[in-house]
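Only one structure is covered here, and it is reproduced in the block below.
What follows is calculated from the coordinates using simple rules that are stated; it is not laboratory data. What you are looking at is a predicted structure, and each value in this text was computed from that prediction instead of being measured. All Cβ positions, glycine included, derive from the backbone under ideal geometry; neighbour counts span all protein chains shown.
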């Protein structure tokens, strides 16, 4: 299996989306053709919907400028193929509440973050800095991203510096970059995000509803950012919780080749998705998605080294339906492609066999040349 070519990276900044919103064609209610889909203005001029071409993804995303200084993006899509994207916030603070999907965030400075199912990812980029993401084929991605203009953050939210963590207050005050932080989504925050993705109103009422819900969601997230993990967890962490988490880990191990959702795992062990995610973070130090990825990569490494299975067979054995997705995940974990790793393993095996053969063929010194005596 040859290494797949890297996907084309499409760049999109907040200023790009605002410019698209104010396109004269959108003002006239006209749809416009884009690089991999169509942009359709929403009724009332509040925003636009970006619908991907059918060979790119099912679904798409929406963008709204709720009022001056606050924007929202609503993502609901299933990628048909691997999609690479570069995102720039343009001096806005971004809060991404993830309802479905696990997507890595990376940048040129070495950041390794994640848009994680059941969490809100908070980040801010200054200057020309951007984050890169890759959406894998077949993954259902659904999240809400709120954007607050950094220089007007306190005015827009009604909060003060003393209401938020010191590092966030410093970012709001001075600009620059705010590093990626993940905050667990409470049940109320998750409900609010769902309401934003599926608002019950249209036109002017839709804008008013979304503005109110955006501030409500921001309050849930920013309050959670200020709370210790034990309080975010939502109560005492009992022995039964430990048993359920252990059972969840076993379910993941037993079904490493299956696409079982985090919600399904939570139901199987009798926990909410929120409580399961927080428990994994507290006990195992990572989200459920990242733990599963690590276990898959450990198995893949063993199979590459110790079996004669093809790369496609190993990909399927470790829960990847597409070779490109497996190769990318493996390279992210180990720094080399699966094929390169197998070559290294085979070279090491040949060296060991050669050394063993030489050792068996060598005579002890005492049995050497009789003339030396």
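Once the Cα atoms are used to define both axes, helix 187-197 deviates from the longest principal axis of the chain by about 70 degrees.
Each Cα pair under 8 Å and six or more residues apart adds its separation to the average, and for the chain the resulting relative contact order is 13 percent. Once you order the gyration tensor axes a ≥ b ≥ c over the Cα atoms, which shape class does the stretch 1-124 get: rounded for a/c under 1.5, otherwise prolate or oblate by comparing a/b with b/c? Because a/c hits 1.5 or more and a/b fails to exceed b/c, the stretch 1-124 counts as oblate.
How much length would be gained if the chain were fully extended between residue 257 and residue 160, taking 0.36 nm per residue of separation minus their Cα-Cα distance, in nm to one decimal?
30.1 nm
Along its first, second and third principal axes, ordered by size, the chain spans 103, 52, 41 Å in Cα coordinates. Measure out, as a whole number of angstrom, how far apart the alpha-carbon centroids of the stretch 182-200 and the stretch 70-126 sit. If we compute the Cα centre of each part, the gap is 16 Å.
Segment residue 167..residue 15, full-extension length gain: 52.2 nm, with 0.36 nm per residue of separation and the alpha-carbon distance subtracted. Projected label points at residue 35 and residue 108, each 7 Å from Cα along the beta carbon direction, are separated by 1.7 nanometres.
As a ratio to 2.2 N^0.38 Å, the alpha-carbon radius of gyration for the stretch 9-227 is 0.96. Apply the a/c threshold of 1.5 to the C-alpha gyration tensor of the stretch 40-107 and tell me whether it is rounded, prolate or oblate. Oblate. Counting only alpha carbon atoms, the long axis of helix 273-283 and the longest principal axis of the chain meet at about 50°. Our helix-only sum for the chain, with -39,500 (n - 2.57) per DSSP H run of n ≥ 4 divided by its residues, gives a mean residue ellipticity at 222 nm of -13000 deg cm²/dmol.
Cβ-to-Cβ counts within 10 Å put 198, 130, 190 in ascending order as 198, 130, 190, the fewest first. Our summary gives the stretch 233-285 a relative contact order of 44 percent, counting only alpha carbon pairs under 8 angstrom and 6 or more residues apart. Can you list the residues of the stretch 72-107 with backbone N under 19 Å from a point 7 Å past the Cα of residue 312, pointing along Cα to Cβ? It comes to 81-82, nothing else. Between helix 239-254 and the chain there is an angle of about 60 degrees, using the helix long axis and the longest principal axis of the Cα atoms.
Give me 154, 205, 330 ranked fewest to most by other Cβ atoms within 10 Å of their Cβ, as a rough exposure proxy.
Working: 154 16, 205 12, 330 26.
Fewest to most other Cβ atoms nearby, the residues stand as 205, 154, 330.
FRET efficiency for residue 91 and residue 294, Cβ-Cβ distance as r, R0 = 41 Å, nearest 0.05?
On the way: r = 35 Å, r/R0 = 0.85.
The computed FRET efficiency comes out at 0.70.
The simple spin-label model puts a point 7 Å past each Cα toward its Cβ; for residue 238 and residue 344 those points are separated by 4.7 nm. Using C-alpha pairs under 8 Å with a sequence gap of at least 6, the mean separation divided by the residue count of the stretch 9-227 gives a relative contact order of 19 percent.
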